[in-house]
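Let me begin by presenting the structure, written as structure tokens, before commenting on it.
The values are calculated or read from the model by the stated rules, or taken from the named source; none is laboratory data. Remember, predicted model here, so these are calculated numbers, not experimental data. So basically every Cβ, Gly included, is an ideal-geometry build from the backbone, and we count neighbours across all protein chains shown.
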Amino acid sequence: MMVQNKKMPLEEFLEIRKEVLRHWKTGTHPDLDLDRAVQKLKNLPKEKHFAHKLREAKAKGITLVQPRAGVARLDEHIELMQYLQDEGKADFLPSTIDSYTRHNRYSNAEDGIQESEKQGRSLLNGFPAVNHGVDGCSKVLDSVKVPLQARHGTPDARLLSEIIHASGWTSNEGGGISYNIPYCKKISLEDTIKYWQYCDRLVGYYQEHGVELNREPYGPLTGTLCPPCISNTVAIIESLLAAEQGVKNITVGYGQGGNLVQDIAALRALEEQTNHYLKIFGYKDVFVTTVFHQWMGGFPADESEAVALIGYASTVAALGKATKMITKTTHESFGIPTKEANAKGLKTSRYITNLLKDQKTPDSEELLDEIAQIKSEVDSLIRSVVKAGKGDIAQGSVKAFKDGIIDVPFAPSEINAGKILPARDIDGKIRILEFGNLGLTEEIKEFHHKKLQERADKQNRKKMEIQMVIDDIYAVSMGNLVGEKGE
């Protein structure tokens, strides 16, 4: 049956749930009894509820900070979380999930845990939450004083979602599009949308029983020169899919592009249009916040330069009034950071957001024009998706990717057309050089080409060319935003 954007009936959800839980331990495990889980979540102190803390931050107009982090061994992971809380002063804590768990390879994850125990250090690139189960995940929550979120990249996160929420973790990152197209090669988009409809229906079930959980679509997508209109459109679509299943607290994300004005414009447009489209589609009681992801591209190897990039990102997040920011570290160019480097990244970020919390960005003509431009592009894409699905946003999303109406640059998925090429204009704003079949109007395409031609002229390039794209990909790690003309 073709995927549709319709709320999953409770009977169907419970029937699928039996199959989801069938492979976890044997029989019906008491830790995953829904009534018991609801009561556990209701008994959590407010300071451990993601939704509550986001509402407070939004009311105060401040930007909270959250790192990425996760290791294989339970005790070591707890130590890491406590360090980032106490030394890094994190407002929220993650548990970045390991790659085996992301691909439902739990036996491999178990082997990784065992080998990690033997070696005395983590041999996995994250926390294997499914293998540690409700007992282990609950111990992590009990050991800290702030809310916990699962951050991962899992196409089929149904079992993972069951376990983390039953353990008292009050937020889950991801979505059927954003955890497929940028992460996978051959997984069906219809399947991943259905899997994440289950994850959202689970959150909707808790909501119906008096527990508000937060859901966060993954904003940056591939994190490399992603035009704001594309990432914002995907975030809005995933918000609509989540809201249909009963989710009432959604955090839409955006990854730093690099140009100060465009990034602030994108954040503002994202929040405004998410609320706009939720109301248009009939979801009038969803609380929306934003999350800003610090630079996701190549990082400079020099520590001082990396600190500067982290500081710049924090400035954008604060001035853009993001409710939350995902931080980076000075070790990004080397690999998995130490807990000390992670805490330093948090402290750097927090210091700057505190300095700027009472300051506002003036509504300049450039800013307002960029907001209007991004909104017009998102409107064009959303209209194209709705038309492709004959009014159904889920069906429209599947067809839109198949036909290239939505196209994510540099994504590995075979579902993705991969025909668009982004590049920066002379100011560093991300524009589109090659459009493929992207669902944008001719007027919008002319605007982008005009901006890129201006750059080509000023850099004495013979024409708009793919070399601009290549130059831009490496520019930030070399200390520039706009790629310089290669010889």
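Numbers at a glance
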item	result
Out of SER107, SER138, sole residue that is within 16 Å of SER167 (Cβ to Cβ) and in a helix (DSSP H, G or I)	SER138
Any hit, the stretch 388-403, residues being in a helix (DSSP H, G or I) and among the aromatic types (Phe, Trp, Tyr)	yes
Given (1) under 26 Å from VAL408 (Cβ atoms); (2) in contact with a helix residue (DSSP H, G or I) (Cβ under 6 Å, 6 or more places away or on another chain), number of the condition ASN104 does not satisfy	(2)
Complete set of residues in the stretch 255-296 that are farther than 21 Å from VAL386 by Cα, buried (at least 20 other Cβ atoms within 10 Å of the Cβ) and either assigned by TED's automatic domain parsing to the domain that holds ALA475 or free of Cβ contacts under 8 Å to residues at least 40 places away in the same chain (or both)	THR290
Residue list for the stretch 448-464, filter: crowded, with 17+ Cβ neighbours inside 10 Å and assigned to a helix (DSSP H, G or I)	HIS448, LYS451, LEU452, ARG455, ALA456
Every residue from the stretch 1-19 that is outside any helix (DSSP H, G or I) and of a type in the set (Val, Ile, Thr)	VAL3
Of residues in the stretch 477-487 being modelled with pLDDT of 90 or more and of a type in the set (A, V, I, L, M), the one surrounded by the fewest Cβ atoms within 10 Å (Cβ to Cβ)	LEU481
Flag if LYS375 is more than 19 Å from THR315 (Cβ to Cβ), outside the structural domain of LYS324 (by TED's automatic domain parsing) and either at pLDDT below 95 or outside any helix (DSSP H, G or I) (or both)	no
Helices (runs of 4 or more DSSP H) contained in the stretch 251-357 and holding at least 2 residues within 27 Å of ARG431 (Cα to Cα), touching a strand residue (DSSP E or B) at 6+ places or on another chain (Cβ under 9 Å) and among the aliphatic types (A, V, I, L, M)	260-280, 303-319
Residue match in the stretch 68-87 (condition: in contact with an Asp or Glu (Cβ under 8 Å, 6 or more places away or on another chain) and of a type in the set (A, V, I, L, M, F, W, C))	yes
Unmet requirement for THR290, which otherwise passes all of (1) over 13 Å from TYR254 (Cα atoms); (2) modelled with pLDDT of 95 or more	(1)
Candidate set: the stretch 440-487, residues that are in contact (Cβ under 8 Å) with a residue 24 or more places away in the chain and polar (S, T, N, Q); chosen: the one farthest from PHE410 (Cα to Cα)	ASN460
Selection count where residues are closer than 27 Å to ALA109 by Cα and surrounded by 22 or more Cβ atoms within 10 Å (Cβ to Cβ), scope the stretch 42-72	6
Pairs with Cβ under 7 Å, 6+ apart, first in the stretch 85-99 and under 22 Å from SER161 (Cα atoms), second of a type in the set (Ser, Thr, Tyr)	ILE97/THR154
Residue check for GLY168: of a type in the set (Gly, Ala, Ser) and on the phi > 0 side of the Ramachandran plot	yes
Unique residue being modelled with pLDDT of 95 or more and farther than 17 Å from VAL247 by Cα when the list is GLU19, GLU11	GLU11
Matching entry among TYR106, TYR179, TYR218, TYR183 (being touching a residue at least 12 places away in the same chain (Cβ under 8 Å) and over 16 Å from the mean Cα position of the chain (by Cα))	TYR106
Residue within the stretch 325-333 that is surrounded by fewer than 17 Cβ atoms within 10 Å (Cβ to Cβ), in the same structural domain as GLY126 (by TED's automatic domain parsing), farther than 20 Å from LEU64 by Cβ and under 23 Å from the mean Cα position of the chain (by Cα) present	yes
Boolean, ARG215 is of a type in the set (D, E, K, R) and either assigned to a helix (DSSP H, G or I) or closer than 18 Å to ASP392 by Cβ (or both)	no
Some residue of the stretch 180-199 being more than 30 Å from LYS399 (Cβ to Cβ) and surrounded by fewer than 24 Cβ atoms within 10 Å (Cβ to Cβ)	no
Extreme residue, nearest to LYS324 (Cα to Cα), among residues of the stretch 98-149 that are out of contact with any Gly (no Cβ under 9 Å at 6 or more places or on another chain) and among the small types (Gly, Ala, Ser)	SER143
Unmet criterion (only one of (1) touching a residue at least 60 places away in the same chain (Cβ under 8 Å); (2) in a helix (DSSP H, G or I); (3) of a type outside the set (S, T, N, Q)) for ILE62	(2)
Residue check for ALA306: within 17 Å of the chain's Cα centre (by Cα), of a type in the set (A, V, I, L, M, F, W, C) and crowded, with 20+ Cβ neighbours inside 10 Å	no
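Let's see how each residue does on (1) in contact with a Ser or Thr (Cβ under 7 Å, 6 or more places away or on another chain); (2) at pLDDT 95 or above:
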{"site": "LYS25", "(1), (2)": "no, no"}
{"site": "LYS42", "(1), (2)": "no, yes"}
{"site": "ARG55", "(1), (2)": "no, yes"}
{"site": "LYS58", "(1), (2)": "yes, yes"}
{"site": "LEU84", "(1), (2)": "no, yes"}
